[in-house]
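First up is the structure itself, then whatever we jot down about it.
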Amino acid sequence: MTDQPTEPITGPADSGNGPADSGSGPIPVAHIQPRTSFLKRTFGATWMWLATLACLVIALVLLAMSWLSTGTHITIAFEDGYGIKAGDTLNFRGIDVGEVTNVDVNTGLSNITVHVELQQNALDLARTGSQFWIERPQLGLGRISGLDTVVGAKYLGVIPGEETAEACFEFVGIESPPVIRDGTGSDISIQFEDGYGIATGAVVRHLGIVVGEVTAVQLAEKLDSVTVSVRLSGAAANAARSGSQFWIERPELGLSEIRGLATLISGPYIDFLPGPAQAPLVRHFQGAEYAPPAKKRSAEGLELVLTSDQQRALRAGVPVNYRGLKVGHVVSARLASDASSIQARVFIEPAYKELVRVDSQFWSNIGVDADFGVTGIQLKTDSLQSLAVGSVSFATPDRPGRKARTGDRFDCNDSYQENWLAWTPKIAIGEQMLPLGKNRPDSFRSILRWKEKSLTFTRKKQRQGWLVLLENGQLIGLPRYLQPPEERVADSTMLEMSGAEFPYIASRAAPFGSLFCYELSPQKIDQKPWPVNQLRRPESPEDCLIVSDPQAAAVPLASTNIDSLEDDRWLINPALSYPPELDGAIVVSRTDGALIGFLDLSRGQAEVTFVPEQ
């Protein structure tokens, strides 16, 4: 059936055969609309569904993006909020890595909980061991921090836990912003009988630098001691080993010493003395009530036991002297187990341990000895310190016995005998950085003076350097300190050393390899000669000491800072700088104590000129 238009239908009245029926109206005509095709209707419905599906996909994508952009939520409990609020940030290494979303007061009103949303790039902060704190201004005698929060908003700080730690989303914050923030430290606890004002945030020092901090201070359950939690940083973490001694450094005023005055400004801090390097690591320590008498006690020193019927000068910290020079100290003193005597532990420094022999004599110096005679009253005292708190002295016979060993016992006499003071044994003493029994050369300062003519004027000139006297009577050193210039005025050169001055005789001077030597005889100087068999030319770089003034400490020179040169010398790393007064100083090997050369600073860079082959 086709959809064709339908013509109007005419009835009989319209046929013209008879009169029309005037009472009847027109016959209704049906209009049939064209029908829409099936394909057209289906195509329109598909567009509607596609539009709906596209909207659904867009909504799902937006929802997924919103879900993926949402960071990890963590909670941190603090005792005090210090004004932290929603909208404040979490800061790590100077950038914002999270935001505070809410701050709640916990049930019981005991603390608060800070809710933080971490950014996607900071999800690794949510792991066990991470430490959070509220950064805020802190002003103290020894510490100023968080000043940026005076004007700006407060924020949270964080130290991440170890990389291998498990994920964690609930934390307990630390109440005081830490001093050490490198995250590589070690946590230990120290128990003290008294806290002496130590508080959270106090620092831990060693050799004058900050190596840790106090993270918490708590009273013991029985209220009889204080437990201090400490975090050590970096290399100082190795100090947490058996044998390490910790104490609270604080002001101490006494007759024997005055120490810790800096803590009047900075406040008390914790110091320590590391235990043996091979000792096992531990985490709990019993703190010492007082600082050890000597912080740098070496395991290579000598420990002895002195006994006496009375304490006298045997007190902890009292010096032990040899010829009036301090060579050790008293570590401790107590009653013997049967209360029959006083026993004291004495420590002798490594450089002087050779002085103590089995037949050495010890005595106490305390107070004043008064002799009344015709000429008046003579007062004798070892030192002002001996007058106040005393000291212990010892002497060794001219023909000394075997060397004392750790644990040997000696009687500590009430006073000395006159013949003990007359003993003058010749005993080689060693430097701490040299092999035991080896001592450094007895170098001395010399001045080479001469006159030069310039036109009609005569000028005086001089050079000052370091020389060494050999046992064969020769002086050796750098050439410029033993060889005057050729343009000098004849017979005007003088050589001054060790308190003596004598004319310089050119015939006695000669090259000594790359150095110079001068025949000193028959002049005599009060200087200890150096054995010729202790001269050695090095074959390769080795650890050395630079020696100059006998009263000054030797300067270490590591082999890693030495480059070999072909012309009998070493070139020292240009990064190392030495003062001009070290020019010509002696260089000694740390391996065997041999003299191997002299320091030369004349070419603008430090060098070592070797002694010749023997």
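Listed here are the residues, each with its yes/no results for (1) surrounded by 12 or more Cβ atoms within 10 Å (Cβ to Cβ); (2) outside the structural domain of Y322 (by TED's automatic domain parsing); (3) modelled with pLDDT under 90.
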| site | (1), (2), (3) |
| --- | --- |
| S383 | yes, no, yes |
| L387 | yes, no, yes |
| G390 | yes, no, yes |
| S393 | yes, no, no |
| D398 | no, no, no |
| R402 | no, no, no |
| F410 | yes, no, no |
| Q417 | no, no, no |
| L436 | yes, yes, yes |
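Has region 210-223 got at least one residue that is within 27 Å of R315 (Cα to Cα) and at pLDDT 85 or above?
no
Condition first: among the polar types (S, T, N, Q), within 15 Å of I586 (Cβ to Cβ), part of a loop (DSSP other than H, G, I, E, B) and within 49 Å of the chain's Cα centre (by Cα). Can you find one or more residues in region 525-532 that meet it? Before you say what the answer is, go through the steps one by one.
Of all residues in region 525-532, those among the polar types (S, T, N, Q) come to 527.
Add one more test, that the residue is within 15 Å of I586 (Cβ to Cβ), and what stays is 527.
Narrowing further to those that are part of a loop (DSSP other than H, G, I, E, B): 527.
Right, trim to within 49 Å of the chain's Cα centre (by Cα) and you get 527.
Yes, the conditions are met somewhere in region 525-532.
Provide a single number: the residues in region 208-226 that are in contact (Cβ under 8 Å) with a residue 24 or more places away in the chain, assigned to a strand (DSSP E or B) and either farther than 16 Å from I174 by Cβ or acidic (D, E) (or both).
Total satisfying the criteria: 4.
Please determine whether any residue of region 505-522 is polar (S, T, N, Q) and either more than 44 Å from the chain's Cα centre (by Cα) or assigned to a strand (DSSP E or B) (or both). If you could, list the steps in order and put the result at the bottom.
Step one: of region 505-522, the residues polar (S, T, N, Q) are 507, 514, 521.
After this cut, where a residue has to be either more than 44 Å from the chain's Cα centre (by Cα) or assigned to a strand (DSSP E or B) (or both) as well, the list is 507, 521.
Yes.
Here are some conditions: (1) surrounded by 13 or more Cβ atoms within 10 Å (Cβ to Cβ); (2) farther than 19 Å from L434 by Cβ; (3) in contact with a Leu (Cβ under 8 Å, 6 or more places away or on another chain). P503 meets all but one. Which one does it not meet?
Checking P503 against (1) surrounded by 13 or more Cβ atoms within 10 Å (Cβ to Cβ); (2) farther than 19 Å from L434 by Cβ; (3) in contact with a Leu (Cβ under 8 Å, 6 or more places away or on another chain), the one that fails is (1).
Does R297 meet the test of being at pLDDT 70 or above, out of contact with any helix residue (DSSP H, G or I) (no Cβ under 8 Å at 6 or more places or on another chain) and of a type outside the set (A, V, I, L, M)? Can you show your working first?
Working: at pLDDT 70 or above: no; out of contact with any helix residue (DSSP H, G or I) (no Cβ under 8 Å at 6 or more places or on another chain): yes; of a type outside the set (A, V, I, L, M): yes.
In short, no.
So that you can scan it fast, the table gives a plain yes or no per residue for (1) more than 46 Å from the chain's Cα centre (by Cα); (2) in the same structural domain as A585 (by TED's automatic domain parsing); (3) assigned to a strand (DSSP E or B):
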residue: P441; (1), (2), (3): no, yes, no
residue: K451; (1), (2), (3): yes, yes, yes
residue: R459; (1), (2), (3): yes, yes, yes
residue: Q462; (1), (2), (3): no, yes, yes
residue: G465; (1), (2), (3): no, yes, yes
residue: R480; (1), (2), (3): no, yes, no
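I'd like the full set of residues that are outside any strand (DSSP E or B) and of a type in the set (A, V, I, L, M), limited to region 562-598.
So the first thing to find is which residues in region 562-598 are outside any strand (DSSP E or B), and the list is 565-568, 573-585, 590-594.
Residues satisfying the conditions are L565, A575, L576, L582, A585, A594.
For region 583-606, which residues satisfy the criterion of being closer than 19 Å to R480 by Cα and surrounded by fewer than 20 Cβ atoms within 10 Å (Cβ to Cβ)?
Initially, region 583-606 is screened for residues closer than 19 Å to R480 by Cα, giving 583-587, 596-606.
Scanning region 583-606 gives L601, S602, R603, G604, Q605.
Filter region 141-159 down to residues that are modelled with pLDDT of 70 or more, buried (at least 17 other Cβ atoms within 10 Å of the Cβ) and either assigned to a helix (DSSP H, G or I) or not aromatic (F, W, Y) (or both), then give me how many there are.
At the first step, the residues of region 141-159 found to be modelled with pLDDT of 70 or more are 153-159.
Those left that are additionally buried (at least 17 other Cβ atoms within 10 Å of the Cβ): 154-159.
Imposing the further condition that a residue be either assigned to a helix (DSSP H, G or I) or not aromatic (F, W, Y) (or both) reduces the set to 154, 156-159.
Total satisfying the criteria: 5.
The values are calculated or read from the model by the stated rules, or taken from the named source; none is laboratory data. Computed from a prediction, not measured in an experiment: that's the story for all the values here. Don't worry about glycine lacking a Cβ; one is built from the backbone with ideal geometry, like all the others, and counts go over all protein chains shown.
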